[in-house]
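Trainee: Here's a structure for you.
The values are calculated or read from the model by the stated rules, or taken from the named source; none is laboratory data. Every value quoted in this text rests on a predicted model; they were computed, and no experiment measured them. No Cβ is skipped: glycine too gets one built from the backbone with ideal geometry, and neighbour counts run over all protein chains shown. The area values use the complete protein model at the heavy-atom level, side chains included, leaving out ligands, DNA and RNA. Shrake-Rupley method; radii C 1.70, N 1.55, O 1.52, S 1.80 Å.
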Amino acid sequence: MKLKRALYLSYYLKELDRKKLDRFLKYTVELTGRTKADILSDVLKSVFRYNISILEYFQFRFFELSKSERAKWAGTGYMYEYQLKMNPLYERQILDDKTLFYKKYRNYFVHRVADIEDLESTPELVNAILNNPSGKLVLKASDGKCGSEVEVRNSAEFDREVLVKYMKQNNYGLVEEFIQQHPEINRLSSSAVNTVRIITQVIKDRNVEILGCRMRISVDSPVDNMAAGNLAAPIDEDTGKISGPAVYSDITKPEEELHPVTSVKIPGFQVPFWNEALDMVIRAALEHPQNRSIGWDVVITEDGPGLIEGNHDWCKLLWQLPVKKGLKPGLENYLDAYRAMNKAELEAVT
């Protein structure tokens, strides 16, 4: 275990945003009165003991928590291992590849999408995308993550031949019509398409449980990801209402009761078509149940909910920070069931 955690630490150091670390460290020193050396020592111990990343020590506010509370938080290392069991490497390609995801889950889309093969073979689809009501196109790389490798362009700039050529030159796998989100969601924030993240877990007998529902809220940003500096808020599964203030992943920023740009009140905000959204992701989760734990990104339009993508590596920050508590204990039950299933299968073979 120590060797594995040491390897994880080397990865965290390689990927570390050092400016963010400096800012978080300065904030924590001022808040707690502890020295930098004392905090960094605690960070290192926590990486090994609780299987978290360096920045997660601050984002989970470990500097304020007891050992028992710290143990409840699911960090990067733990989630990597959990999701590797729930979504095996040989099965998750359907979620990693946006083009493949679109082909397998296209019945759950409410907006038009095409890959290069579609553009070259289906003129009517191309015309519909180029002439969509928004007047804009969204170009995506097949393997882009966290809003990266996404470009928004005016559809008037392209015809079919120019679009295909441009996508090939820039390694884009998909083109989509720009989604016009529901007016209520647009009232909350209009700078981006704001999606709902619903996390599903497939359990035995093809049943599906909901691990969490979160509203991703853009703040003067063309994307809604927390990693890009945006907000996230918890949604009550039963009602579809936002059940608390929105938070940033940046610990130096305060939580928000009102949207900082639109001034719309966040707690109590009702997500439209909520029951339809829940029903949709439950059905989608059973399409390919070999991937047991998926974070679905759902767009809400006037025509109802639709899928944007499914994530096998759904974000532990988005899941836990809005509810301000560690949710790892709930995952342990699924791991126990997973181990029992594997044991039963092994015994059946032998």
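Trainee: Quick check: is even one residue across the stretch 211-221 out of contact with any His (no Cβ under 9 Å at 6 or more places or on another chain) and free of Cβ contacts under 8 Å to residues at least 24 places away in the same chain?
Mentor: Restricting attention to the stretch 211-221, the residues satisfying the condition of being out of contact with any His (no Cβ under 9 Å at 6 or more places or on another chain) are 211-216, 218, 220-221.
Remaining after also requiring free of Cβ contacts under 8 Å to residues at least 24 places away in the same chain: none.
No, the conditions are met nowhere in the stretch 211-221.
Trainee: Name the residues in the stretch 246-271 that are open to solvent by less than 20 Å² (accessible area, probe 1.4 Å) and not hydroxyl-bearing (Ser, Thr, Tyr), would you?
Mentor: So in the stretch 246-271, the residues open to solvent by less than 20 Å² (accessible area, probe 1.4 Å) come out as 246-247, 249, 251, 259, 264, 266, 269, 271.
Within the stretch 246-271, ALA246, VAL247, ILE251, HIS259, VAL264, ILE266, PHE269, VAL271 qualify.
Trainee: Can you tell me how many residues within the stretch 7-27 are open to solvent by less than 40 Å² (accessible area, probe 1.4 Å) and either within 23 Å of MET79 (Cβ to Cβ) or among the basic types (Lys, Arg) (or both)? Give the derivation first.
Mentor: Within the stretch 7-27, the subset open to solvent by less than 40 Å² (accessible area, probe 1.4 Å) is 8-9, 12, 16, 21, 24-25.
Add one more test, that the residue is either within 23 Å of MET79 (Cβ to Cβ) or among the basic types (Lys, Arg) (or both), and what stays is 8-9, 12, 16, 21, 24.
Total meeting the criteria: 6.
Trainee: I need the full set of residues from the stretch 193-208 which are among the basic types (Lys, Arg) and at pLDDT 95 or above, in order please.
Mentor: Start the filter on the stretch 193-208 by keeping residues that are among the basic types (Lys, Arg), which leaves 197, 204, 206.
Correct list: ARG197 only.
Trainee: Now, a different point. Can you tell me which residue among LYS98, LYS67 is touching a strand residue (DSSP E or B) at 6+ places or on another chain (Cβ under 7 Å) and of a type in the set (D, E, K, R)?
Mentor: Values: LYS67 fails: touching a strand residue (DSSP E or B) at 6+ places or on another chain (Cβ under 7 Å).
Checking each option against the conditions leaves just LYS98.
Trainee: Name the residue, out of ILE217, ILE282, ILE242, that is touching a strand residue (DSSP E or B) at 6+ places or on another chain (Cβ under 6 Å), surrounded by fewer than 20 Cβ atoms within 10 Å (Cβ to Cβ) and either on the phi > 0 side of the Ramachandran plot or of a type in the set (A, V, I, L, M) (or both).
Mentor: Values: ILE217 fails: surrounded by fewer than 20 Cβ atoms within 10 Å (Cβ to Cβ); ILE242 fails: surrounded by fewer than 20 Cβ atoms within 10 Å (Cβ to Cβ).
Exactly one of ILE217, ILE282, ILE242 is touching a strand residue (DSSP E or B) at 6+ places or on another chain (Cβ under 6 Å), surrounded by fewer than 20 Cβ atoms within 10 Å (Cβ to Cβ) and either on the phi > 0 side of the Ramachandran plot or of a type in the set (A, V, I, L, M) (or both), namely ILE282.
Trainee: Turning to a different aspect of this structure: Just need a number here: residues in the stretch 46-81 that are assigned to a helix (DSSP H, G or I), more than 14 Å from TYR12 (Cβ to Cβ) and either of a type outside the set (Gly, Ala, Ser) or within 18 Å of the chain's Cα centre (by Cα) (or both).
Mentor: Residues of the stretch 46-81 assigned to a helix (DSSP H, G or I): 46-50, 54-59, 62-64, 67-70, 76-81.
Next, only the ones that are more than 14 Å from TYR12 (Cβ to Cβ) stay: 49, 62-64, 67-70, 81.
Among the residues that remain, those that are also either of a type outside the set (Gly, Ala, Ser) or within 18 Å of the chain's Cα centre (by Cα) (or both) are: 49, 62-64, 67, 69-70, 81.
Count: 8.
Trainee: Could I ask something else about it? Let me confirm something: among GLU124, GLU149, which residue is over 19 Å from the mean Cα position of the chain (by Cα) and either touching a residue at least 24 places away in the same chain (Cβ under 8 Å) or not assigned by the TED database to the domain that holds PRO289 (or both)?
Mentor: On the way: GLU149 fails: over 19 Å from the mean Cα position of the chain (by Cα).
So the residue among GLU124, GLU149 that is over 19 Å from the mean Cα position of the chain (by Cα) and either touching a residue at least 24 places away in the same chain (Cβ under 8 Å) or not assigned by the TED database to the domain that holds PRO289 (or both) is GLU124.
Trainee: Next question, about the same structure. Mind telling me which of the residues LEU125, LEU100 ends up being closer than 20 Å to GLU309 by Cα and touching a helix residue (DSSP H, G or I) at 6+ places or on another chain (Cβ under 6 Å)? Break it down stepwise before answering.
Mentor: Numbers: LEU125 fails: closer than 20 Å to GLU309 by Cα.
Exactly one residue qualifies, and that residue is LEU100.
Trainee: Condition test on LEU163, is it on the phi < 0 side of the Ramachandran plot and part of a helix (DSSP H, G or I)? Spell out the reasoning first.
Mentor: On the way: on the phi < 0 side of the Ramachandran plot: yes; part of a helix (DSSP H, G or I): yes.
So LEU163 fits the description; yes.
Trainee: Just name the residue that is nearest to ILE179 (Cα to Cα) out of those in the stretch 220-239 that are polar (S, T, N, Q) and surrounded by 20 or more Cβ atoms within 10 Å (Cβ to Cβ).
Mentor: Looking only at the stretch 220-239, we keep the residues that are polar (S, T, N, Q), and these are 221, 225, 230, 239.
Now drop any that are not surrounded by 20 or more Cβ atoms within 10 Å (Cβ to Cβ), which leaves 225, 230.
Working: ASN225: 16, ASN230: 19 Å.
Once the filter is applied, the top-ranked residue is ASN225.
Trainee: Out of LEU84, LEU95, I need the residue that is assigned to a helix (DSSP H, G or I) and either open to solvent by 20 Å² or more (accessible area, probe 1.4 Å) or more than 15 Å from TRP314 (Cβ to Cβ) (or both). Which one? Full working, then the answer.
Mentor: Numbers: LEU95 fails: either open to solvent by 20 Å² or more (accessible area, probe 1.4 Å) or more than 15 Å from TRP314 (Cβ to Cβ) (or both).
Sole residue among the options that is assigned to a helix (DSSP H, G or I) and either open to solvent by 20 Å² or more (accessible area, probe 1.4 Å) or more than 15 Å from TRP314 (Cβ to Cβ) (or both): LEU84.
Trainee: Could you list all residues from the stretch 57-80 that are closer than 19 Å to LYS253 by Cα and crowded, with 19+ Cβ neighbours inside 10 Å?
Mentor: Selection gives TYR57, PHE58, GLN59, PHE60, PHE62, PHE63.
Trainee: Can you say whether PHE48 is under 24 Å from LEU327 (Cβ atoms), open to solvent by 30 Å² or more (accessible area, probe 1.4 Å), hydrophobic (A, V, I, L, M, F, W, C) and touching a residue at least 40 places away in the same chain (Cβ under 8 Å), as far as the supplied structure shows? First the steps, then the outcome.
Mentor: Values: under 24 Å from LEU327 (Cβ atoms): yes; open to solvent by 30 Å² or more (accessible area, probe 1.4 Å): yes; hydrophobic (A, V, I, L, M, F, W, C): yes; touching a residue at least 40 places away in the same chain (Cβ under 8 Å): yes.
Yes: the conditions hold for PHE48.
Trainee: Still on this model: Restricting to the stretch 181-192, what's the tally of residues that are open to solvent by 10 Å² or more (accessible area, probe 1.4 Å) and modelled with pLDDT under 95?
Mentor: Within the stretch 181-192, the subset open to solvent by 10 Å² or more (accessible area, probe 1.4 Å) is 181-184, 186-187, 190-191.
With the extra rule that they be modelled with pLDDT under 95, the set shrinks to 191.
Residues meeting the conditions: 1.
Trainee: In this structure, does ASP159 turn out to be over 18 Å from the mean Cα position of the chain (by Cα) and open to solvent by 50 Å² or more (accessible area, probe 1.4 Å)? So that I can check it myself, show each step before the final result.
Mentor: Numbers: over 18 Å from the mean Cα position of the chain (by Cα): yes; open to solvent by 50 Å² or more (accessible area, probe 1.4 Å): yes.
Yes, satisfied.
Trainee: Right, something else. Would you point out which residue out of TYR248, TYR338, TYR334 is more than 30 Å from LYS19 (Cβ to Cβ), under 21 Å from the mean Cα position of the chain (by Cα) and among the hydroxyl-bearing types (Ser, Thr, Tyr)?
Mentor: Details: TYR248 fails: more than 30 Å from LYS19 (Cβ to Cβ); TYR338 fails: under 21 Å from the mean Cα position of the chain (by Cα).
Unique residue meeting the criteria: TYR334.
Trainee: Return a yes/no flag: does the stretch 304-327 have any residue that is in a loop (DSSP other than H, G, I, E, B) and more than 19 Å from the chain's Cα centre (by Cα).
Mentor: Initial filter on the stretch 304-327 (in a loop (DSSP other than H, G, I, E, B)): 312-315, 324-327.
From the residues that got through so far, the ones that are more than 19 Å from the chain's Cα centre (by Cα) too are none.
Among the residues of the stretch 304-327, not one is in a loop (DSSP other than H, G, I, E, B) and more than 19 Å from the chain's Cα centre (by Cα), which makes the answer no.
Trainee: Taking ARG34 and the conditions (1) assigned to a helix (DSSP H, G or I); (2) among the basic types (Lys, Arg); (3) surrounded by fewer than 16 Cβ atoms within 10 Å (Cβ to Cβ), which numbered condition does it fall short on, given that it satisfies the others?
Mentor: (1)
Trainee: Look at the stretch 230-261 and say how many of its residues are over 14 Å from ASN194 (Cα atoms) and not in a strand (DSSP E or B).
Mentor: 19
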